[in-house]
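To start, the structure itself, in structure tokens.
The values are calculated or read from the model by the stated rules, or taken from the named source; none is laboratory data. Computed from a predicted structure; not experimentally measured. When we count neighbours, we look across all protein chains shown, and the Cβ atoms used for this are built from the backbone with ideal geometry, even at glycine.
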Amino acid sequence: MNDPDTDTTHVPLIDATQMYRTLMRMAHEIVEKQSDVASLGLVGIQTRGVPLARRTAANVQAVCGLEPPVGELDITFYRDDLGVRHGQPEVKSTHFGFDLTGMDLVIVDDVLFTGRTIRAALDAIMDFGRPRRIMLAVLIDRGHRELPIRADVVGKNVPTMRGEDVRVRLAEVDGVDEVVLLRPEGA
Amino acid sequence: MTRATRSRPKAPQAAAKWTRRHLLGLEDVSADEIRLVLETARSFKEVSTREIKKVPALRGKTVVNLFFEASTRTRTSFEVAAKRLSADVLNIGASGSSVVKGETLIDTVHTLEAYHIDLLVMRHAASGAPHFLSRHCDSRVINAGDGMHEHPTQALLDLFTMSERGKTFDGLKVAIIGDIIHSRVARSDIFALTKLGARLVLCGPPTLVPKRFEAFGVERTTRLEEALDAADVVYCLRMQFERQQANFLPSVGEYVRLFGVTAGRMKLAKPDAIVMHPGPLNRGIELTSEVADSAQSVVLDQVTNGVAVRMAVLFLLAGVN
């Protein structure tokens, strides 16, 4: 992850208008892939996947008239790196409010990178019920998968180097809608 | 949209992080650390409401409950907490172990460590035993009650319960009633609540609530009415009948007359006050059955929250290398 003490170049990738259009196009794609919208459920990964999922639910309603339920999922307890970190990560809430069994779920997250977060999310979801199928929608796919995981719906593909970082900022969490690439100096 | 801008990114605000290898007491734990445990416990409470009440966070880790004093509720609570984190649990009681043959505490623990355990939860009759142990062993140590000294997880679950019931700690009036001098629960609650800005009033017979406790930054009274007046939390400690033998009380009957919490006396407290007790209750002694079973009583919530809080403590300690 980024060392805040070194100089870093910020490369803007997506601004607020582009984000709105991208999310709307993603909602269209989800509806296109999902014949039975009534059994659609969205699962937002804490933290930024949650507001993205909520916006996507509203966009799906705009597209087809039905708003899918949105669950929030914190995957901290399912991470594969709990033993090797220094200190535990901060835990946020998990709440579904609907029965997952038999539903067609779409996991929504901001950035797809190694795929380990999604692996953890799949394990967590299976502990809650037995969905009919699970798809993945991400705003940014930055490559460098370490597990055989792929997204069904992608907002933008951003090829990156390992040392770089992609930051998604959302109005609900960070006060602004944007996506920036952080490139350490000398990289 | 390709112009790059160079800037120094702002350092993120550090949330409190857990860096302690042991939880031996709350005397030296900061308010932020306490809040972190409570926040983490909230997430773990949700796990216990699921169909599958288990998360893999401590999978493959071994937690040993080493209880030298009899305890069902605390030991069971830690056992459930560890199992819901997918840890393996060993329960070792003193009576069935080689401690009876004269094995020392350090030898007992070194033998356990030869099994490569990860976390040690210990209850012991000697104050300071877990502190002593933490200096002589490699495992992470959690104090489940040491003599008359501290019972940190009890205080944490007490605070969690208060917070769950909408109480904010700053200025909160908490009346702790009963055998304060012998109570490790009271000490841990005093440390934690004063750190978070609550106003504590200790109440009981002068033999059980000595004046020197005021040094903790608390008030003290021998009149129950004064303690209960506008109280937000009424915390009843268990009356230990052995005290009567040691001449701390003239009689249990007198204690009940002067300090027993009844429904009538509860009217002095705030209308939304809660009644708490670390358990096990002596109905009709510390409090009447009517109060114990009233809507204001959160005694069973305390038990439920004990699991969530202990899951949080095990989880946080396990993350420290």
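Test of understanding: among B:320, B:313, which residue is touching a residue at least 60 places away in the same chain (Cβ under 8 Å), within 14 Å of chain A (Cβ to nearest Cβ) and outside any helix (DSSP H, G or I)? Among B:320, B:313, only B:320 is touching a residue at least 60 places away in the same chain (Cβ under 8 Å), within 14 Å of chain A (Cβ to nearest Cβ) and outside any helix (DSSP H, G or I).
Looking across region B:66-82, the residues that are touching a strand residue (DSSP E or B) at 6+ places or on another chain (Cβ under 6 Å) and closer than 15 Å to residue B:119 by Cα come down to B:66, B:67, B:75, B:78, B:79, B:82. Out of the residues in region A:102-131 that are touching a helix residue (DSSP H, G or I) at 6+ places or on another chain (Cβ under 6 Å) and within 11 Å of chain B (Cβ to nearest Cβ), state the one that is nearest to residue B:17 (Cα to Cα). Here the residue is A:120.
Within region A:80-101, restricting attention to residues that are farther than 17 Å from residue A:48 by Cβ and touching a helix residue (DSSP H, G or I) at 6+ places or on another chain (Cβ under 7 Å), which residue is nearest to the other protein chains (Cβ to nearest Cβ)? Per the criteria, the residue is A:88.
Taken together, B:87, B:94 contain a single residue that is within 14 Å of chain A (Cβ to nearest Cβ) and crowded, with 17+ Cβ neighbours inside 10 Å, which is B:87.
Can you find, within region A:51-79, the residue that is nearest to the other protein chains (Cβ to nearest Cβ) among those that are crowded, with 20+ Cβ neighbours inside 10 Å and β-branched (Val, Ile, Thr)? Only one residue fits best here, namely A:76.
Residue-by-condition table, conditions (1) within 16 Å of residue B:320 (Cβ to Cβ); (2) within 9 Å of chain A (Cβ to nearest Cβ); (3) modelled with pLDDT of 95 or more:
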| site | (1), (2), (3) |
| --- | --- |
| B:6 | no, yes, no |
| B:11 | no, yes, no |
| B:19 | yes, yes, no |
| B:24 | yes, no, yes |
| B:27 | no, no, yes |
| B:30 | yes, no, yes |
| B:37 | yes, no, yes |
| B:48 | no, no, no |
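Residue B:286 satisfies every condition listed in (1) touching a residue at least 60 places away in the same chain (Cβ under 8 Å); (2) acidic (Asp, Glu); (3) out of contact with any strand residue (DSSP E or B) (no Cβ under 7 Å at 6 or more places or on another chain) except (3).
Restricting region B:205-231 to residues that are at pLDDT 95 or above and crowded, with 22+ Cβ neighbours inside 10 Å, the residue that is nearest to residue B:174 (Cα to Cα) is B:231.
When B:300, B:237 are checked against the criterion of being free of Cβ contacts under 8 Å to residues at least 40 places away in the same chain and either crowded, with 19+ Cβ neighbours inside 10 Å or under 28 Å from residue B:74 (Cα atoms) (or both), a single residue qualifies: B:300. Determine, yes or no, whether residue B:259 is touching a strand residue (DSSP E or B) at 6+ places or on another chain (Cβ under 7 Å) and not basic (Lys, Arg). Here the answer is yes, as residue B:259 does meet what is asked.
Sort through B:281, B:258, B:249, B:287 and tell me the only one that's over 23 Å from the mean Cα position of the chain (by Cα), among the aliphatic types (A, V, I, L, M), within 23 Å of residue B:173 (Cα to Cα) and away from chain A (no Cβ under 14 Å). Exactly one of B:281, B:258, B:249, B:287 is over 23 Å from the mean Cα position of the chain (by Cα), among the aliphatic types (A, V, I, L, M), within 23 Å of residue B:173 (Cα to Cα) and away from chain A (no Cβ under 14 Å), namely B:258. Does region B:167-179 hold any residues that are over 30 Å from residue B:250 (Cβ atoms) and either surrounded by 24 or more Cβ atoms within 10 Å (Cβ to Cβ) or in contact (Cβ under 8 Å) with a residue 12 or more places away in the chain (or both), and which are they? Hits for region B:167-179 are B:167, B:169, B:170, B:171, B:172. When every residue of region A:51-64 is checked against the conditions, at least one turns out to be under 30 Å from residue A:184 (Cβ atoms) and either part of a loop (DSSP other than H, G, I, E, B) or within 19 Å of the chain's Cα centre (by Cα) (or both).
Residues of region B:250-280 that are crowded, with 22+ Cβ neighbours inside 10 Å and touching a Lys or Arg at 6+ places or on another chain (Cβ under 8 Å): B:274, B:277, B:278. Selection over region A:157-167 of residues that are in contact with a Leu (Cβ under 7 Å, 6 or more places away or on another chain) and surrounded by fewer than 17 Cβ atoms within 10 Å (Cβ to Cβ) gives a count of 0.
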